[in-house]
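Please read the structure below before turning to the comments.
The values are calculated or read from the model by the stated rules, or taken from the named source; none is laboratory data. This one's a predicted model, so the numbers in the text were calculated from it and none came from an experiment. Cβ atoms come from the backbone with ideal geometry, glycine included; neighbour counts cover every protein chain shown. Side chains included, ligands, DNA and RNA excluded: accessible areas come from the protein's heavy atoms. Shrake-Rupley method; radii C 1.70, N 1.55, O 1.52, S 1.80 Å.
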Amino acid sequence: MKRAILRMVLGFLLAFAGLAAAQAIDPLPFKDHAQEVRFQNLTRQLRCLVCQNENLADSNADLARDLRHEVFGLMQQGRSDDQIKQYLVDRYSDFVLYDPPVKPSTWLLWFGPGLFLLLGAAVVLVTIRKRGRATRIDSRLVDNATIEQGDDW
């Protein structure tokens, strides 16, 4: 009796596991393999607006699925990769691109990390120099005090 219930529970678990995996598949009717490769390359260059750290090809978010279908539809209309990217940039700004262009509005994005690194290095150097000066001054005071007191240590 217990084995039959256990088998039934395992059967249900296996059935639902297959159902969850089936939802991840998003088949699209590509004309040929070249179009499928182009679609995959294009969706890897575009950011999921929900996940923000995944591209459209890897994201399981509903918006990412909708955007993949939109990209596919634009490809079927005969638009080029640049036209598709520009369409998405017009709707969602440069944030939708994983590799945004270098322009005044994205300078902080491109050069900000380097500036923060240089600023951090400058703070570390100033701190080290201040501690070095303070140590030298303290050692001079200790040496003078020792000489005046006559300690031979």
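Observations on the structure shown:
- Check on P113, assigned to a helix (DSSP H, G or I) and not acidic (D, E): yes
- Pairs with Cβ under 7 Å, 6+ apart, first in the range 99-122 and under 25 Å from E54 (Cα atoms), second of a type outside the set (D, E) and open to solvent by 100 Å² or more (accessible area, probe 1.4 Å): P100/L109; V102/W110
- Check on E54, closer than 25 Å to L109 by Cβ and either surrounded by fewer than 19 Cβ atoms within 10 Å (Cβ to Cβ) or not assigned by TED's automatic domain parsing to the domain that holds L109 (or both): yes
- Among the residues here, P100 qualifies as surrounded by 10 or more Cβ atoms within 10 Å (Cβ to Cβ) and over 17 Å from R38 (Cβ atoms).
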